[in-house]
1. In vacuum, with every alpha carbon of region 20-61 counted as one equal point scatterer, what does the Debye formula give for log10 I(q)/I(0) at q = 0.20, 0.25, 0.27, 0.33 Å⁻¹? Two decimals, please.
2. Report, in order of residue number, the helices in the chain meeting two criteria: a C-alpha extent of 24 Å or more along the helix axis, and a mean Kyte-Doolittle hydropathy of at least 0.0; treat each whole DSSP H run as one helix.
3. Given springs between every Cα pair under 10 Å in a Gaussian network model of the chain, which of Ala42, Ala116, Ala183 has the largest fluctuation?
4. Roughly how many Å is it from the Cα centre of region 182-200 to that of region 88-151, as a whole number?
5. Count the net charge of all other residues whose Cβ sits under 14 Å from the Cβ of Gln178, scoring Lys and Arg as +1 and Asp and Glu as -1.
6. When the Kirkwood radius is taken over all Cα pairs of the chain, what Stokes-Einstein diffusion coefficient follows at 10 °C and 1.306 mPa s, in µm²/s?
7. Which of the trypsin sites (Lys or Arg not before Pro) found in region 87-169 are loop residues per DSSP with 16 or fewer other Cβ atoms within 10 Å of their Cβ?
8. Viscosity 1.306 mPa s, temperature 10 °C: what is the translational diffusion coefficient of region 65-107 from Stokes-Einstein with a Kirkwood Rh over Cα pairs, rounded to a whole number of µm²/s?
Amino acid sequence: MTMQAKIAQVKKMSKEESNALKEKRREIALKNLGARNLSNLATSYVVESDPSFGEHDRGSVEQFLYGPSLRRADAHDLKSGKEFSLVYNSLLGSRQGGKRYSGNVSEYKIIETAAAITQESIGAVKVEDLMSLMGSKLSIKEAYKGRYVSDLLNSKAKVEKKLAQTLISGYMLHIGTQGASKALGLRDKAISGDLEKLVGEEKKK
């Protein structure tokens, strides 16, 4: 085998290894994007940060999504695939000089971290994965089929880079809107339930 052939083989192996790594990260990222509690905390960040959402949206999300999800907020590390507690890790990461129990982490920092994990996970999946998570059944254009969002984001082509940024921001706005809608529905159900308790007659057994 010639030296050029050997170099070509090494390059080919490196590309295969790179693809395998991307697929591994994609699988982990899909777990993160499908994790309800992590998504709820990321939703809390979107709704709190975006002025297009009103106080009723924020109040409902806090009561029905943020509160319950904070008790069990798990995510997966994209490199190792290991599951970790977002709240616990945030507390450990805020320690002063590594001293035990010296941490001081804010609620906002927790939901901000959840949003960052979600955005990083978006980059690790393919365009069709993301559209599927949004409920779309549209056929993806050949130019973007099988492409990772991170590849588009790092592309030298401005059009692809812009598309990736739009996909990320669009998905974040999507979960914010969906989450706020869900929370408002739960709030309405709770209000109806409270009124029923006041005026409803208990059914005889």
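Read-outs: derived from the displayed coordinates by stated rules, not from any lab. Nothing here was measured: the structure is a model prediction, and the numbers come from that model. Counting neighbours? That spans all protein chains shown, and the Cβs are built from the backbone with ideal geometry, glycine included.
1. Each listed q corresponds, in turn, to -0.65, -0.79, -0.85, -1.02.
2. Flagged H segments are 107-123.
3. Ala116
4. 33
5. Around Gln178, the surrounding residues sum to 0.
6. Once the numbers are plugged in, D ends up at 81 µm²/s.
7. Qualifying residues, ordered by number: Arg95, Lys99, Arg100, Lys137, Lys141, Lys145, Lys156.
8. Roughly 138 µm²/s, to the nearest whole number.
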